[in-house]
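To start, the structure itself, in structure tokens.
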Amino acid sequence: MRRATATWLANNDSGNNLPACGGDRVSAGVALAAIAVVTVATAVIGFYGLRISRTTSDFYVASRTVRPWWNASAIGGEYLSAASFLGVAGLILLSGTDALWFPVGYTAGYLMLLLFVAAPLRRSGAYTIPDFTEARLASPAVRRVTSLAVVTVGWLYIVPQLHGAALTIRIATGLPSWVGSVAVVVVVCLTVVAGGMRSITFVQAFQYWLKLTALAVPILFIIFVLAGNETEPLAAPAANPTGAPPAGLYQNVSLLVALLFGTLGLPHVLVRFYTNPDGHSARRTTLIVLGLLSVFYLFPTAYGLVARVFAPGLARAGQPDAMVLLLPGQLLGGVAGDLLSALVVAGAFAAFLSTTSGLVVSLAGVISQDVLGGSVRGFRLAAVMAVVVPLGFAFMTDSLALAGSVGLVFAFTASTVCPVLLLGIWWRGLTDAGAIAGMLTGGVLCGGAMVVGAVAGTGQTPPWLAQPAAWTVPAAFAVMVVVSRATAHRVPASMPRIMTRLHTPERPLATER
Amino acid sequence: MTRVRVTAPHTAQGIPARTPGQRIPNQRTAGPLESREAAQDSEVGQVFVRSLIRSQLRLALVVAGGFLLILAAFPLVLVLVPGLAESGIAGIPFGWLLLGVGTYPVIGLSAWLYVRTAARNEARYRDLAGEQ
């Protein structure tokens, strides 16, 4: 346990700012037990699902028979990643109300998904985003470019999950960082390979409620104790614990653009909509998801506010992402602190596992259909491919602020997959040439900004490069529209039929008459 | 409203309901997006479809626009009303309450309104296109 503290402090040269008390670490034994319980529960539910998934269709989209409540919990479980569980609270601790745009944007992104994508995409009947674009634009070339974008997004999104796992393992147990990433990869591979999407649905639904409990119980207990002891606040909520400059208007707007438009292009989010029986239930599911997300995000906000007022020292310790893990120990200490910390660690691990497995399932769907011919064996092989590459990335790169790096992935999605989905669903004039040109433009601009930002390092990049969505998303849309107009003769002949399919209700309701 | 009698070929037998889980992903080259809409191919059918798409798009844009306006108004109110951001309920500053709690009901309400109206648009389409 002492080693845990030492390892963590060695990784933070500003660690001497920590308040001197025993609460700056998590009890290793209890934390390991908590991680083990989450892992075993995940595996058990996964293997239980194995017995009922037999056909290829089961593996891909759970035969589209998942009930809205199950499905909504699963979507929530899959969506709430390391960034939501650890990153948002850490950022709120650092930058106060500016960071509140993250949870608002993550939730509002779902509203945009409901308004523009949910029902039409379900009615398209396609399994993956590349399936959709290929069918809509009657072009295998579009399919290949979309697959490339989707796989890039998925890989980029898995990396911060693995970073989060590495951070959690290091802080919770004092084991080396790589253990965390590898543990997540192994567990995810086993569950996905064993059961595919059907068991994933149950696993994800379970993990939403686990994550909610793991965040809610400790913070409510902390607030209760603080109020009972009439603890004096150490700082005002508005006080800036680090002295870093606040984000400007441009950054907030650009972030919001990325989150609003990025959500509706995320591959692991979209694949969930295929498990609804029809378009209307896809909408109802999304409505429930919005409620679940709204409830969930109250808690990272509460963590941020409580930490800002009662433990501002955690912000100066250099790892704000670890704040959620450390706060119970810091403010409560003793056995209660240990147990609640373990609960938070369990929830954090659930977050890494669920988002990673969701991404792996959807990536494996794309990779296996495009490269390996769409069999169950191909799906299993593809699942392994989907997770090994980001593991390499995670080893090579350092952890940025989790919420920030996930925000960049949203910007990339908003600049590539989002325009082709929105225009494909709502605009008859979209052509294959326009879609390809737009996706490439958005991908090159946003990817370029991300690379330049990564090379220059945080703090060195100007806001327009650090937060590129505000100009890369309009650029992608503009190129897509202009090129489509210029190649209007390429609008496929099947377009009216497909538009009809996307937007008309499933059946003429013969049963009701 | 006068009901237009549509003589599209599909109306007699309706369209068979699909059973879930039947489609096999290998057959994607044939395209999963087929068959159901063949019936709505007629010119009149297309007019109905176009008007359905237009009304759904208009609805989505109105809800999205309204939501974004309210969202933009939140920080504006905090800036324009001096002292509001600092005053608070039970020690929680109003600025935090408004952004951290107050936005979610707005999101939920927008979503609920949308789902209801979108279903109503579809019901109207069914009335026009599906009924004899």
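What follows is calculated from the coordinates using simple rules that are stated; it is not laboratory data. All figures in this text were calculated on a predicted structure; none of them were measured in a lab. Note that we place each Cβ from the backbone using ideal geometry, even for glycine, and neighbour counts take in every protein chain shown.
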What order do you get for A:V37, A:V376, A:V271 when you list them from fewest to most C-beta neighbours inside 10 Å?
A:V37, A:V376, A:V271
Please compute the average number of Cβ atoms from other chains found within 10 Å of each residue's Cβ in peptide B:119-128.
3
So, in Å, what gap is there between the alpha-carbon centers of segment A:95-116 and segment A:438-452?
23 Å
Once the mean of 1/r over all distinct C-alpha pairs in segment B:59-132 is inverted, the Kirkwood radius in Å reads 14.7 Å
Check: segment A:25-410 dipole with +1 on Lys, Arg Cβ and -1 on Asp, Glu Cβ, in debye
1000 debye
Once you put a point 7 Å from the Cα of A:F395 and another 7 Å from the Cα of B:L76, both along the Cβ direction, what distance in nm separates them?
5.3 nm
Taking the convex hull of the alpha carbon atoms in segment A:25-410, what volume per residue do you get, in Å³?
122 Å³
What ranking of A:H163, A:H489 emerges when the number of other C-beta atoms within 10 Å of each C-beta is taken as an exposure proxy, fewest first?
A:H489, A:H163
Taking only Cα atoms of segment A:310-439, what ratio of Rg to Rh do you get with Rh as the Kirkwood inverse-distance radius?
1.12
Using packing as a proxy for protection, rank A:281-294, A:377-390, B:114-127, A:89-102 so that the peptide with the highest average count of other Cβ atoms within 10 Å comes first.
A:89-102, A:281-294, A:377-390, B:114-127
Once amide H atoms are placed 1.01 Å from N in the peptide plane, what residues at a sequence separation of 5 or more from B:G88, or on another chain, have their amide H within under 5 Å of its amide H?
B:F94
Calculate the FRET efficiency for A:V482 and A:A41 from the Cβ-Cβ distance with a Förster distance of 41 Å, rounded to the nearest 0.05.
0.20
